[in-house]
1. With each label point set 7 Å from Cα along the Cα-Cβ vector, what nm distance links residue 167 and residue 55?
2. Would you please put 53-59, 79-85, 151-157, 43-49 in order of how densely packed they are, using the mean number of other Cβ atoms within 10 angstrom per residue and starting with the highest?
3. At a Förster radius of 25 Å, what calculated FRET efficiency corresponds to the Cβ-Cβ distance of residue 62 and residue 138, to the nearest 0.05?
4. Calculate the spin-label point distance for residue 123 paired with residue 105, positioning each point 7 Å from the Cα along the beta-carbon direction, and give it in nanometres.
5. Does a label point 7 Å from the Cα of residue 36, set along Cα-to-beta-carbon, have any residues of the stretch 1-19 with amide nitrogen under 15 Å, and which are they?
Amino acid sequence: MELEAIEILVLLGAVSGFAAGLGGGGAPFAVALLILVLPALGVASGPEVSRIAGATSVALLVPMPFGVLTASLARGAVDFRMLAIFAPSLLIGTVAAALLAPKIDPVFLAFGFAIFAVYNAWRLFAQGQTRDGQFFERPRPGPLATRGVLGGAFATLVGTGIGVIAIPTM
C-alpha cells in the first residue's frame with residue numbers, strides 16, 4: 001500500500017476515533033468516510049464498496065470496547081444485570097445477520113445505512129439533551145433482549161457500532 005493511502009486511512013481513523021470520543025460513535029463516520037475513500041484508493045467500487053466499508057468498520061470496532069469497558073468498570077458504570085441479558089441477545093442478532101449479509105444486495109445495505117444515519121442525526125437534534133441525570137425506567141428483560149437481537153443484527157448489516165443502539169436502550 002502506498003504511503004499516501006496509509007496517510008489517508010490514518011486520518012480517517014483519527015476522525016472516526018475523535019467522533020467516538022465525543023460520544024457520536026466512530027463507526028458511522030468510518031463507514032461514510034470509507035465509502036468515499038475506498039474507490040479513490042482503488043480498493044473497491046460500485047455497490048460492493050458499502051459492504052467492504054461496513055465490514056472494515058466492524059473489524060475496527062473489535063479493539064475499542066476493551067478500553068471503554070476498562071474505564072467503565074473503574075467508574076462502576078456497568079449494570080451487570082442488563083449486560084447479562086443484552087450481551088447474549090446482541091451476539092445472537094450479530095451472528096444471524098452475519099450469516100444473512102452475503103445474501104443481501106449491497107445497495108440495500110447502503111440504503112439502510114443512509115436511513116440509519118439520517119435518523120440518528122434527526123434524533124440528536126430533536127432530543128437536544130441526553131438523559132444524563134434524569135431518572136428513567138430500566139427496560140424489562142423481554143424488550144431488552146428483543147432490542148439486543150434486532151440491534152445486533154442491524155448494526156452488523158449496516159456496519160455501525162452497537163453503541164448507537166445500546167446507549168439509548170439502556
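Values in this text are rule-based calculations from the coordinates and carry no lab data. Worth saying up front: this structure is predicted, and the values here are computed from it rather than measured. Every residue, glycine as well, gets a Cβ built from its backbone with ideal geometry; the counts of neighbours run over all protein chains shown.
1. Here the answer is 2.8 nm between the modelled labels.
2. Per-residue mean Cβ counts within 10 Å order the peptides as 151-157, 53-59, 43-49, 79-85.
3. Values: r = 28 Å, r/R0 = 1.13.
Taking R0 as 25 Å, the efficiency between residue 62 and residue 138 is 0.30.
4. The two pseudo-label positions are separated by 2.6 nm.
5. 8-19, by backbone N distance to the label point.
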